[in-house]
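All of the numbers you see were taken from the coordinates with simple rules; none came from a lab. Just so we're clear, the structure is a prediction, and the values are computed from it rather than from any experiment. Glycine gets a Cβ as well: all are built from the backbone with ideal geometry, and neighbour counts include every protein chain shown.
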Amino acid sequence: MKIICIGRNYINHVKELNHSIPTVPLFFLKPETALILRNRPFFYPEFSKNIHFETEIVLKINKVGRHIQEKFAHTYYDEIGIGIDFTARDLQNECIKSGNPWEISKAFDYSAPIGKFIPKSEFSDLNNINFSLLINNEIKQKGNTKNMIFSFDRIISYVSQFLMLKIGDLVFTGTPAGVGPVKIGDRLEAFIDDRKLLDFKIK
Ligand code: MG
């Protein structure tokens, strides 16, 4: 399986990092080895001094598809969850500055903890889903999917022009404003509405 991650999909986050607003969805990949499952801890890696959390709604692909039309995209996912797109911000900034690929800052081992998934049918409006992150009981990020630049269906349609989607692939759909560093000892809890779906520690 693969993990597709959308960058710069919430205007308030694009602004906090001083990036330009994209005209098409921007995406990159993480490998399967990036996953952290079942609330296992994240071990702070030695290669970075500035690991940032990015809290994101995650879609789970349930059907093989290529060149998916936007109007049919909703039939390619039926579960929604939440995950953290861990980013070595120090390495990423160097990669961006030098124009080099940024996998070392985004695709490293255990850079993608994910929580439990909820059936899509439980949401009355996919374009109005609240989600949030608590660190040590303090609210750090709050988002609502109505503020996405590109909808879930637009993302799936666009990405599938280039990459075949396969069953079990995950799509991280971008982070709202409020990203910041984690440190050893932190406890991260991520919620969709009031439902806690992810709860793990930094070690
Ligand atoms: Mg991200």
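Miscellaneous remarks
- Sequence-distant lysines (8 or more away, or on other chains) whose Cα lies within less than 23 Å of Lys142: Lys15, Lys60, Lys106, Lys116, Lys120, Lys183, Lys196, Lys201
- Using only the C-alpha atoms, the convex hull of region 1-66 corresponds to 140 Å³ per residue.
- Cα gyration tensor category, rounded, prolate or oblate, for region 77-170 with a/c compared to 1.5: oblate
- Once the Cβ-Cβ distance of Lys63 and Ala177 is raised to the sixth power relative to R0 = 30 Å, the FRET efficiency obtained is 0.35.
- For region 3-201, the Cα gyration tensor yields ellipsoid semi-axes of 24, 20, 16 Å (square root of five times each eigenvalue, largest first, whole Å).
- Peptides ranked, highest mean first, by Cβ atoms within 10 Å: ranges 19-27, 80-88: 80-88, 19-27
- Working note: 222 nm ellipticity from helices only, DSSP H runs with n ≥ 4, each -39,500 (n - 2.57), summed and divided by the residues of the chain, gives -3500 deg cm²/dmol to the nearest 500.
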